[in-house]
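Since the structure comes first, as structure tokens, the remarks are kept for the end.
None of the figures in this text is laboratory data; all of them are computed from the coordinates on show. Predicted model only: the values in this text are computed from it and were never measured. In this analysis, Cβ positions are derived from the backbone assuming ideal geometry, glycine residues included, and neighbour counts consider all displayed protein chains.
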Amino acid sequence: MQYNMETITLFILAILASGIIAGLIAGLLGVGGGIVLVPVLFYLFTLLQVDESIRMHMAVGTSLSTIVATAISSTRAHLAKGSIDIGLLKSWGPWLLCGAIAGMSVFGAVDSGFLSIVFAAVTLMVAVYMLFAKEPTQETTDKFPKGVVRGLLGLVVGGVSSIMGIGGGTLSVPLLTVFKYPMRRAVGTAAAIGLLISIPGAIGAFLSGLGNPNLPPFSVGYVNLLAFIVLVPVTGFVAPYGARIAHAIKPVYLRLAFAAFLLFNSINMFLSVL
């Protein structure tokens, strides 16, 4: 495909639209926006006829790079609302960080189609859980596992989230609600978790793609700089508004919105692989 001015303009407009949606969802659901950005970027790279072997890698890497900025903005907004569990972050954060580093250490060697299936399968499972989960009746946050179990959960969440190109909220929000975290506190804490996962994830995607001959224009490693430049200011600006909405609506609506977005993206990604 020829990358003429019309193609580039359409690409930028599509990125702008997805950035607005991703920013709102990042603040609203604490998911870093990757759950929206990865499928959108994957479809855009498909339309641009980016080599099939690296389409998902490009979508994941570009998503992770933008999540860094989105997570900072979203975390600040939730921190101001007092909805981030700092104690949990101190004990769980190192494990999440190690998991993200481990995931990105094998990222470059993983087949693009396999990455797509992982993305679709994990989001489908989480969507089904969130759709039928019940909101905790008591405001309690002391049931989350400690010790080795907490560490293993951190490794899994960090590793899977990094290779999916998401900030961790997609997995950590439902996981926290399983252990009776109130939805708003889970969302706020997940925003900060996204920052821990996206930084090593973005660095790993950048390094693992260096020198690949199939990279599309404006790309360094598995990060598309054009998409990054467009997305960062948009998602960073919009994310605080999503956080405000999260504190203004009932938690049950927050959970159902989360499930609906996950289900939509999962189905679309499965269809793209078939």
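May I ask for log10 I(q)/I(0) of region 152-208 at q = 0.16, 0.27 Å⁻¹, from a Debye sum over the Cα atoms as equal point scatterers with solvent left out? After summing over all Cα pairs, the log10 values are -0.45, -1.04.
Build a GNM of the chain with springs between Cα atoms under 10 Å apart, and of Ala239, Ala191, Ala227 the one that fluctuates most is Ala227. Percent of Cα pairs in the chain per distance bin of 5 Å, from zero to the largest separation: 1, 7, 15, 19, 20, 17, 11, 6, 3, 1, 0, 0. Sorting the segments 178-187, 87-96, 51-60 by their mean number of nearby beta carbons within 10 angstrom, highest to lowest, gives 51-60, 178-187, 87-96. Taking packing as the residue-averaged number of other Cβ atoms within 10 angstrom, the listed peptides 70-81, 207-218 run from highest to lowest as 70-81, 207-218. A quarter of the convex hull surface defined by the alpha-carbon atoms of region 1-120 gives 8.4 nm² as the mean projection. When the chain is treated as a Gaussian network with alpha carbon springs shorter than 10 Å, the biggest mean-square fluctuation among Ser198, Ser161, Ser112 belongs to Ser112.
For Arg244 and Phe114, the FRET efficiency from 1/(1 + (r/R0)^6), where r spans their Cβ atoms and R0 equals 41 Å, is about 0.60. In the chain, helical runs assigned H by DSSP with n ≥ 4 each contribute -39500 (n - 2.57); averaged across all residues and rounded to the nearest 500, the mean residue ellipticity at 222 nm is -26000 deg cm²/dmol. Dipole magnitude for the chain: computed about the Cα centre from +1 point charges on Lys and Arg Cβ and -1 point charges on Asp and Glu Cβ, it is near 960 debye.
Across the chain, Cα pairs under 8 Å and at least six residues apart give a relative contact order of 36 percent.
Two tests apply to each whole DSSP H helix in the chain, Cα reach of 27 Å or more along its axis and mean Kyte-Doolittle hydropathy of at least 1.0, and the ones passing both are 5-29, 86-105, 112-132, 183-208, 225-246, 251-273.
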